[in-house]
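Right, one structure below, let's go through it.
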Amino acid sequence: MRNLLFQQRFTVAAFAILSLLMIAGYSLFSITLSKTSFASGTMLLICIFILASYQLRKTFSFLSIGSTSAWLQFHIFIGLFSCLLFALHIKFRIPNGFFETLLFFSYLTVFLSGVIGWFLSRSVPYRLSSRGEEVIFERIPIHRRNILDKVESLVFDNQDSAASKAIPDFYQKHLQAFFAGPSNLMRHILHSERHRHHLSQKITAMKPFLNEQEQITMQQIVELIQQKDDLDYQYALQALLKLWLFVHVPLTYSLILFALFHTIAVCAFASTSG
Amino acid sequence: MSDPSISRPRRWDKPFSLEVGSEGEMTDEIVDSLLQSPPFSQINPEGFKKSLPLREIMKNDSRIVGYDDGDIIVRRGDWGNSAFFVLSGTVRVDLERKQTSLPDEILGRRVSKVKTFFESIAQLWKNNKHPEVREIASVGNKPTFNTRISHGKTRIYLQEVSAVLDKYRTAKLETGHWFGELAALGRTSRVATVFSEGVSQLLEIRWQGIRDILRHDRNGSLKQYIEDVFRERALAAFLRTDPLFHDCEPELLQRIVDQVEFHSYGNYDSHKPFKELIKDGDNNTDAGEPVIIQEGDYPNGIVMIRSGLARISKRHYNGRRTVGYLSPGQIFGLDEIQAELESLTPVASRTRLSAIGHLNAVLVPTPLVEEILLDKESPQNIQSNKIPDTVRTADSHTVKLNDDILLSQLVDHHYVQGTSLMVINLDRCTRCDDCVRACASAHDNNPRFVRHGPILNQYMIPNACLHCVDPICMIECPTAAIQRDLDHGDIVINEQTCIGCAQCASNCPFDAIRMVDIRDSKGEIIVDSKSHVPLTQATKCDLCIDQKSGPACERACPHDALFRVDMHDASKVEEVFSP
C-alpha cells in the first residue's frame, strides 16, 4: 500500500513536470514561428499509438514485457498527457470542418470513455463486493433461471384447487416481469433502492389477505426477491464495467483511422510555412 | 431380505510385504531373526500395546526388498513414505547438489524447460482449440529414462554404475545403516538419490510402523538413532537458517547442537483431520490443538519449528484470538528470554503457542539462548550493529496482521500452508477475467483455475494450487508424477507419468487439482485401448513454470488486484492483507 501511495505521488509529480515542460517548449517553439501544429500533431499521433498498444500487451500476457498493471498506469499517464497535447494542437477551439469536427468528437469520446472507465474501475469493485454473492458474469443467467424455477414452483406447484389465487395473481401482476430477466439496472447503477421499497410496500399491503400457509410462501418469495435483486445488482455493475470497454476500444480504432487520414491530408495539402 | 454384511477392514488386512516389489511374505522366521539382531534387538517389546505388538508391526509394516546393480531406491525430491535399513549389500548416496548431481533425465524427473521468446509468441496460434489436448505419443509411451522389471516391480536404473561412481561424488552405506527416515518422519522430500551398488537387500518400513515403534519403544533406541542422525547430519544447517544463529561461534553452535531437545505434537496419522478441519472452517477454534507453550508459563527455551505450523493465540474475554502463526524455521519465545535478560527476573509468556496438525520442533534451552544474546551484546558486536539486526529479524519472522479475525480465518482454513497462495482483492478487481485468460494462453487454452472461491473480508482465495509447504497431495501418488520442481520448489504434475488415479485430487483439501478427460489434437477423447474408458489426468496450477515471465495471472491483472503470496513471508503477508 505504501508503494502504491509513493507510485501515485510520483506519477502526479512526473505528470505536472512533463506538462509544464511541454507547455514551455510549445510556447518557445511558437515564438520561432515554426509549425507548432505539425509538432504537436506528430506527438499526439505517437501518443495514440502508444495508448493503443496497451491492448496488445494484454494479448501478449505471457511475455516478460512488464506487468499489465504498470502498462495501465503508463496508459493512463499518456492518456492524460495526450489530452493536454490535443488541447494545444486544436488551440483550445472546436475545429470547424466536418472531418476535423468528427475527429475532435472521436478523440473526445475515446478520452472521456477512458476517464469514465478509470473512474468505474476504481469505484465499482467496492460496490460489487458490498452486496450479493460473488458470481461470474457469464453464469448470472443460470443463477437467474434457478431463482425463477424456485419462485414459480412456490407460486404454482402448491396451489390447492379451493385455495385463493392471491399469490399467483400477485406474482403475475407485480413479480413476473421482475423475475423474468434483468431489471432495474439503471436504479442499481445509480444506487437507488426505490424499486425494492415499492415492492416491499405492495407485499406488506397484501399480507392481511393471506392465510397462514400463504404467509409462509410469501416470506419465501421475499427471500427470493432479495436474491434476484442482488443478482441484478451484480449484473448491472459487472455489465457496466464491461460495457465501457465496448465504447472505448472500437472507437480507438476509428480514431486511429481518422487520425491517419487527417495526417495524410495535412501532409499533402499543408503549406510549408508556419 | 437380508442386509449385505462384510467384516470391517482392519489396518493389516494387506501386509506391506504383499505389495508389489517385495521379496516375499514376512514370515515368523524372518521376523524372529530380525528381532534377534541389532538394532531391533535393542527395542524393548514390553512397552508395546497388546493390540499393537512389535512383532506384528515388523511383520505387517515392513518388508524385505531386493535391488539389482544400479536400481534407484529413492530419488532426490520425491515424497518419502518409508525408511530403509540395509540388510546386505551396499547402497550409494548421491552427495552432489544442483547441476553436478545425477541428471533429472536419467532419474525420470520432469525437466522444466522454459519457453523461448519465439515459442512464447507462437502460443498465440499454436494453442489448441480443443480442451486438454495431449500428444498421444507422450501418453503411455516408453519414457526416456531406463526402466526394467526388477524383483517384480518396474524400477528406474542407472545403466553404468561404475561410470556414475567415477563421475559423481557418492557416499557408501553398508549393512546396518538406516536411510530415508528423516524424510519419512518429517514430511519432507528426499534430499538425496540413493541407488544400489551391486545386489543389495533392504528392510523397508512404512512410516506408520516407524511411528508406532517410536511411540512405544521404552528404550527409545530407534528414536535415539533418528535424533542422533538428525543432530549429526542436519541440525546445524537447520539452526543456521535463523538469523539468531548466523554469527554463532562454532564452539557455541556445537554445544547448542548437543543440547537441543526434539519434540513432536499432534496427529501424524493421515491427512484426514486436516481435510475435516478445513470443511468445518467456520466453526473452527484452536481448542483441539496441542499446546506447546501455555500463556503465562515461563518458557524454558526458544521453540524452533522443524515441520508443521503453529498458532500463536492470546486470551480474549472468554475465548482465544489468533495473533500470529509460525511456519518451519521460525522461532517462539525469544522476546521473553530477552526481557528476562534485561530485567533479571523470569518473564511469563504473553501468548500461547499451539500445534496446528502435526508439528516437529526443537527446543533450544534458555541458558544457551542467553549466551547467544550476551555474545551479540558484546562491545565489538554493538559497534558492528549486530544486535538490532539479529533480534529484529528474528521477531519479524512471525506473521502478524492488524485484523485478528482475518488472521484467524487464514489459519483456520489452512491457507497459511501456501507458499504461493492466490489472493484477489475484490475492492480492486474489476471482474475482467484477464487473469483467467492469461492463464489459458499460457496453458494451451486450458485455464488452471476459476475466479471463484471463499471470500475473507474483501479477499477472494480462488481454488488455485497454493503450493503448500506440506503438500499432502503428493503423499500417495504411486508414480511420483506430482512432485516438487527441483529448481523452484513448486509442485508440478508430470503429464508423462500421471496415470490418472486421482489420489492427489482427492487428497487436496483446497479443491485445487482437477481430473480431466484428455484429448488428441483432433479433439477426440483418448480412451484406454482395452477397457475403452476415457483416460484422465490430473491438472493444476504450475505457476507457469515453463513461461519466462512467471505466473501469467499475476502479471495480467491491470489493477494490481491479484497477488501470489508466500504465507511465510511476514512482510509480504502484512503488505497484501493490510487494508
Name, by its number, the condition in (1) within 12 Å of chain A (Cβ to nearest Cβ); (2) crowded, with 23+ Cβ neighbours inside 10 Å that does not hold for B:ALA464.
(1)
By residue number, the members of the range B:437-452 that are open to solvent by 20 Å² or more (accessible area, probe 1.4 Å), more than 9 Å from chain A (Cβ to nearest Cβ) and within 28 Å of the chain's Cα centre (by Cα) are B:HIS443, B:PRO447, B:ARG448
Pairs only if they're at least six apart or on different chains, beta carbon under 6 angstrom, first in the range B:502-526 and at negative phi, second acidic (Asp, Glu) and surrounded by fewer than 19 Cβ atoms within 10 Å (Cβ to Cβ); list them, first residue then second.
B:GLN503/B:GLU476; B:ILE525/B:ASP517; B:ILE526/B:ASP520
As an exercise: evaluate B:THR116 against (1) touching a strand residue (DSSP E or B) at 6+ places or on another chain (Cβ under 8 Å); (2) closer than 30 Å to B:SER441 by Cα and give the number of the one condition it does not meet.
(1)
Only one of B:GLN259, B:GLN224 is without any contact (Cβ under 8 Å) to a residue 60 or more places away in the chain, among the polar types (S, T, N, Q), more than 20 Å from B:ASP71 (Cβ to Cβ) and open to solvent by 70 Å² or more (accessible area, probe 1.4 Å). Can you tell me which?
B:GLN224
Tell me which residues, restricted to the range A:220-243, are within 14 Å of chain B (Cβ to nearest Cβ) and of a type in the set (Lys, Arg).
A:LYS242
Give me the residue from the range B:295-347 that is among the aromatic types (Phe, Trp, Tyr) and not in a loop (DSSP other than H, G, I, E, B) and, out of that set, nearest to B:HIS414 (Cα to Cα).
B:TYR325
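One line per residue, one yes/no per condition, for (1) in contact (Cβ under 8 Å) with a residue 60 or more places away in the chain; (2) at positive phi; (3) open to solvent by 20 Å² or more (accessible area, probe 1.4 Å); (4) not assigned by the TED database to the domain that holds A:PHE10:
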position	(1), (2), (3), (4)
A:ALA52	yes, no, yes, no
A:LEU84	yes, no, yes, no
A:PRO95	no, no, yes, no
A:PHE99	yes, no, yes, no
A:LEU102	yes, no, yes, no
A:LEU108	no, no, yes, no
A:GLY117	yes, no, no, no
Which listed residue is more than 30 Å from B:ASP375 (Cβ to Cβ) and more than 14 Å from every other protein chain (Cβ to nearest Cβ), from B:ASP427, B:ASP485, B:ASP433:
B:ASP485
Can you tell me how many residues in the range A:54-78 are open to solvent by 30 Å² or more (accessible area, probe 1.4 Å), of a type in the set (A, V, I, L, M, F, W, C), in a helix (DSSP H, G or I) and closer than 21 Å to B:PHE563 by Cα?
3
Quick test of your reading of the structure: A:PHE178 fulfils all but one of (1) open to solvent by less than 80 Å² (accessible area, probe 1.4 Å); (2) within 10 Å of another protein chain (Cβ to nearest Cβ). Name the failing condition by number.
(2)
Just one listed residue, out of A:GLY132, A:GLY114, is among the small types (Gly, Ala, Ser) and modelled with pLDDT of 95 or more, and it is A:GLY114
Where residues in the range A:27-50 are aliphatic (A, V, I, L, M) and open to solvent by 20 Å² or more (accessible area, probe 1.4 Å), which of them is farthest from the other protein chains (Cβ to nearest Cβ)?
A:LEU33
Can you list the helices (runs of 4 or more DSSP H) lying wholly within the range B:150-233 that have 2 or more residues being polar (S, T, N, Q)?
B:221-233
Give me the pairs: first residue in the range B:145-158 and open to solvent by less than 70 Å² (accessible area, probe 1.4 Å), second residue aliphatic (A, V, I, L, M), beta-carbon distance under 6 Å, and six or more apart or on different chains, which are they?
B:PHE145/B:ILE106; B:PHE145/B:ILE156; B:THR147/B:ILE156; B:GLY152/B:VAL20; B:ILE156/B:ILE72; B:LEU158/B:VAL164
List every residue pair whose Cβ atoms lie under 8 Å apart, where the two residues are 6 or more positions apart in sequence or sit on different chains, the first residue falls within the range A:121-134 and is within 14 Å of A:ILE189 (Cβ to Cβ) and more than 7 Å from chain B (Cβ to nearest Cβ), and the second residue, located anywhere, is outside any helix (DSSP H, G or I) and open to solvent by 40 Å² or more (accessible area, probe 1.4 Å).
A:ARG127/A:HIS191
Tally up the residues in the range B:337-378 that are open to solvent by less than 10 Å² (accessible area, probe 1.4 Å) and among the charged types (D, E, K, R), please.
1
All-but-one check, A:PHE81 against (1) more than 22 Å from the chain's Cα centre (by Cα); (2) farther than 24 Å from A:ILE221 by Cα; (3) in a helix (DSSP H, G or I), failing number (1)
Looking only at residues that are of a type in the set (Lys, Arg) and open to solvent by 60 Å² or more (accessible area, probe 1.4 Å) in the range B:503-559, which one is nearest to the other protein chains (Cβ to nearest Cβ)?
B:LYS548
Could you look through the range B:560-574, keep only residues that are under 20 Å from A:ARG122 (Cβ atoms) and out of contact with any Ser or Thr (no Cβ under 9 Å at 6 or more places or on another chain), and pick out the one that is most open to solvent (accessible area, probe 1.4 Å)?
B:PHE563
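The values are calculated or read from the model by the stated rules, or taken from the named source; none is laboratory data. None of these values were measured; they are calculated from a predicted model. Because the Cβ atoms are built from the backbone with ideal geometry, glycine has one as well, and the counts that use them run over all protein chains shown. The area values use the complete protein model at the heavy-atom level, side chains included, leaving out ligands, DNA and RNA. Shrake-Rupley method; radii C 1.70, N 1.55, O 1.52, S 1.80 Å.
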